[in-house]
């Protein structure tokens, strides 16, 4: 069951779209299966079912490849913004191609003269992708992107926006990646302390006495 077509994507939608691909080794790509991409867009209210009740491009491998290509380009743009490096020309070309399919805003007649409406152009899947790409493009184009973050766990790298009061959030979730990082730091401190103790001269002498 799909939700109503809401037309406008949110930044949360865009980041959730990016995060459908997990960075961890052997982690699933949630859009890998045929039709998964169109189902995801429909569940977010970004894609209409056709009159026959089916989603556009649901059985088309090319459509699914196009959806994943947009997702990967958005991920690359997000990473470049957060990490402060240049985004490749190929990534910009892909996102600019997607953005060309954004719905057209136009005036239409109404009882009071006219009202503002929109008209979709081209493929409805590309239109949905354009809405996701646009909201991300507007966010990374602001003067302050410091709240855009990547989880500090290198095997996670979840994309998120830090909405905490202090603006110092480092982890996608403290209960998972945060606690794993704390545990890893504790183990490292214990190993370092044990190694330092073993290297102390008195520790060597005590060990000789113990052996004697």
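The values are calculated or read from the model by the stated rules, or taken from the named source; none is laboratory data. Small disclaimer: the values here were computed from a predicted structure and weren't measured. Glycine also receives a Cβ, built like all others from the backbone with ideal geometry; neighbour counts cover every protein chain displayed.
Picking from 29, 72, 90, which residue would you name as being closer than 19 Å to residue 139 by Cα, under 21 Å from the mean Cα position of the chain (by Cα) and in the same structural domain as residue 141 (by TED's automatic domain parsing)? Quick ask: steps written out before the conclusion?
Numbers: 29 fails: closer than 19 Å to residue 139 by Cα; 90 fails: closer than 19 Å to residue 139 by Cα.
Of 29, 72, 90, the one residue that is closer than 19 Å to residue 139 by Cα, under 21 Å from the mean Cα position of the chain (by Cα) and in the same structural domain as residue 141 (by TED's automatic domain parsing) is 72.
Please pick out the residue among 133, 152, 128 that is assigned to a loop (DSSP other than H, G, I, E, B), modelled with pLDDT of 85 or more and closer than 20 Å to residue 20 by Cα. Reasoning before the result, please.
Numbers: 133 fails: assigned to a loop (DSSP other than H, G, I, E, B); 128 fails: assigned to a loop (DSSP other than H, G, I, E, B).
Testing whether each residue is assigned to a loop (DSSP other than H, G, I, E, B), modelled with pLDDT of 85 or more and closer than 20 Å to residue 20 by Cα leaves just 152.
Considering only residues that are out of contact with any strand residue (DSSP E or B) (no Cβ under 8 Å at 6 or more places or on another chain) and surrounded by 17 or more Cβ atoms within 10 Å (Cβ to Cβ), which ones fall in the stretch 138-159?
153, 156
Have a look at 123, 60 and point out the one that is over 24 Å from residue 12 (Cβ atoms), surrounded by 14 or more Cβ atoms within 10 Å (Cβ to Cβ), in contact with a helix residue (DSSP H, G or I) (Cβ under 9 Å, 6 or more places away or on another chain) and in contact (Cβ under 8 Å) with a residue 60 or more places away in the chain.
123
For the stretch 39-57, give me the residue count where each residue is surrounded by fewer than 19 Cβ atoms within 10 Å (Cβ to Cβ), without any contact (Cβ under 8 Å) to a residue 40 or more places away in the chain and within 24 Å of residue 12 (Cβ to Cβ).
Final tally of qualifying residues: 1.
So if I check each of 107, 95, 132, which one is farther than 21 Å from residue 43 by Cα and in contact with a helix residue (DSSP H, G or I) (Cβ under 9 Å, 6 or more places away or on another chain)? So that I can check it myself, show each step before the final result.
Details: 107 fails: in contact with a helix residue (DSSP H, G or I) (Cβ under 9 Å, 6 or more places away or on another chain); 132 fails: farther than 21 Å from residue 43 by Cα.
Of 107, 95, 132, the one residue that is farther than 21 Å from residue 43 by Cα and in contact with a helix residue (DSSP H, G or I) (Cβ under 9 Å, 6 or more places away or on another chain) is 95.
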